[in-house]
Amino acid sequence: MKALVSFLTFLITLSVASLSAQTYKPITLSSKDMDYMGLSTTAIQKNYTGKGIPFSAVIDFDGKEGYTRTTSSEVIVVNIYKKEGQRVKKGEKIAEISSNELNNLFFEYQNTLSKFNVAKDIAIKDETLFKEGVISHREAQASHLAMNELQLKLNEITYTLNLFGIDVKNPRGQYGFIVRANGSGTISVAPNYIGQKIPAFSPFIRISTSKKLLATIRVPLSMKDNISVGDVVMSSNGDVIGYVGSVSVVVDQNSNSINAIANITNSKGSDYKVGEIIEVYISGIIPSNAYVVPTDAVIKNGDDYLVFKKTKTGFLPINVNVLEERDNAFVVVSSQIKKGTVIASGSLVTLKGILNGVGEGE
């Protein structure tokens, strides 16, 4: 108990106040104080020269070449013929879907088709009667306009059904409406199971005609300035598999990140499967002032990661940006550290306590 009181008294005598994340005040400590607190120092030896920072990437086909089926209302999958990754030919069955809206739409199609056929017959007969002088031009024109109106409505309904992939000449399967491929290629997106709900206005089938692959990489906003188009992308083994083709300018508010799209160009990347999540490294993501420091030389303080730079009178808390966290080291960036900078290591929790005024008022 006496030792605890002595230690708290010791902290009070150091009387250091902390400000914001970038304006921490220096801490005054003697060598004797450091020994008492279990602190030592280490010098930053070299820049980080590894293959880059690891990122998770999702593999997908190049969407520029291919076909898509889209819903205009919510539907339910009631049968599956083809799955993701399988080859398909134009017109082949992929799945069956069903919904009340689809049933009503197809009924409207059949009703409109019947009306159109009747209107077409009337328009043809009226055209003949007009030429024979039996009816006026206005009467013949009226029947022709009625036919055209039904033709436009029929085309609109047919177009909507075609968006689903439904062939109006052969629409029904065993359980619902048949969705057919609108081109030949490899299925990259398809329903996964019977009973699956497909939301309205969603692309639920995608067929790729190209074997080109892309990797969608999520990059934290703090690293956006360290990546650019043309940066080399490597696999976890260090093999170059492609390059960054585009970098999004739109921030995902949920993850506070941006997407970088990498073109997979190396043959070693051809073994990846669409939908696979892989680990990649981006060469340009490592700033020139990135350094490796031991884990016991970095401590988290609120939202900040701190190192304590050695000064003549003690230590200066420095906020660093952690690029990568490993088992025994951190890769960090800060304009206030460089090769040869001496920083504290060991029991940093005591320095953190001083920084936050632990023990004051006890």
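Once you reduce the stretch 277-313 and the stretch 236-266 to the center of their Cα atoms, the two points are 22 Å from each other.
Placing unit charges on the Cβ atoms of the charged side chains and taking the dipole of the chain about its Cα centre, the candidate lying farthest along the positive direction among G185, N289, S347 is N289. Projecting the Cα positions of F204, F330, G173 onto the charge dipole of the chain (unit charges on Cβ atoms of Lys, Arg, Asp and Glu, taken about the Cα centre) puts F330 furthest along the positive direction.
Could you list E324, E149, E96 so that the one with the fewest beta carbons within 10 Å of its beta carbon is first and the one with the most is last? Working shown, then result.
Numbers: E324 17, E149 13, E96 23.
The most exposed by this proxy come first: E149, E324, E96.
On C-alpha positions alone, give me the angle between the axis of helix 100-131 and the longest principal axis of the chain, in degrees, nearest 10. Tilt of helix 100-131: around 40 degrees. The angle between the Cα long axis of helix 137-164 and the main principal axis of the chain comes to about 40°, on a 0 to 90 degree scale.
Across the stretch 66-208, the relative contact order, built from alpha-carbon pairs under 8 Å that are at least six residues apart, equals 49 percent. With respect to the chain, whose longest principal axis is taken over its alpha-carbon atoms, helix 2-14 is tilted by about 80°.
Would you work out the charge dipole size for the chain about its Cα centre, treating the Cβ of every Lys and Arg as +1 and the Cβ of every Asp and Glu as -1, and quote it to the nearest 20 debye? Dipole magnitude for the chain comes out near 700 debye.
What's the Cα-based Rg to Rh of the chain, Rh via Kirkwood? Result: Rg/Rh = 1.28. Compared with the direct C-alpha span, the chain from V322 to K83 gains 81.9 nm at full extension, assuming 0.36 nm per residue. Pairs of Cα atoms nearer than 8 Å and 6+ residues apart set the relative contact order; for the chain it is 29 percent. Its Cα centre serving as origin, the stretch 66-208 has a Cβ charge dipole (Lys and Arg +1, Asp and Glu -1) of approximately 700 debye. When the Cα positions of A142, G85, I44 are compared along the charge dipole of the chain, I44 comes out farthest toward the positive end, with charges on each C-beta of Lys, Arg, Asp and Glu. Charges were assigned to the Cβ only: +1 to each Lys and Arg, -1 to each Asp and Glu. The resulting dipole of the stretch 191-269 about its Cα centre is roughly 340 debye. Amide H to amide H distances under 5 Å link V78 with E96, I97, S98, G195, where only residues 5 or more positions off or on other chains count and H is placed in the peptide plane.
Derived from the Cα gyration tensor, the three semi-axes of the equivalent ellipsoid of the stretch 218-311 are 29, 17, 13 Å, largest first.
Using only the Cα atoms of the stretch 66-208, what semi-axes does the equivalent ellipsoid have when each is the square root of 5 times a gyration tensor eigenvalue? Give whole Å, largest first. Spell out each step's value before the answer.
Numbers: eigenvalues 315, 42, 26 Å².
Three semi-axes, in Å: 40, 14, 11.
Rounded to the nearest 500, what is the 222 nm mean residue ellipticity of the chain from helices alone, with -39500 (n - 2.57) per DSSP H run of 4+ residues and division by all residues? Only helices count here, giving -8000 deg cm²/dmol.
For G245, the shell of other residues with beta-carbons less than 15 Å away shows a net charge of -2, using +1 for Lys and Arg and -1 for Asp and Glu. The stretch between K32 and N103, if pulled fully straight at 0.36 nm per residue, gains 17.1 nm over its current Cα-Cα span.
So if the hydrodynamic radius of the stretch 156-285 is defined as the Kirkwood radius over C-alpha pairs, what does Stokes-Einstein give as its diffusion coefficient at 10 °C and 1.306 mPa s, in µm² per second? Spell out each step's value before the answer.
Working: Rh = 17.6 Å.
Diffusion coefficient, whole number: 90 µm²/s.
We did not get these values from a lab; they are worked out from the coordinates using the rules stated. Note that this is a predicted model, so its numbers are computed, not measured. Every residue, glycine as well, gets a Cβ built from its backbone with ideal geometry; the counts of neighbours run over all protein chains shown.
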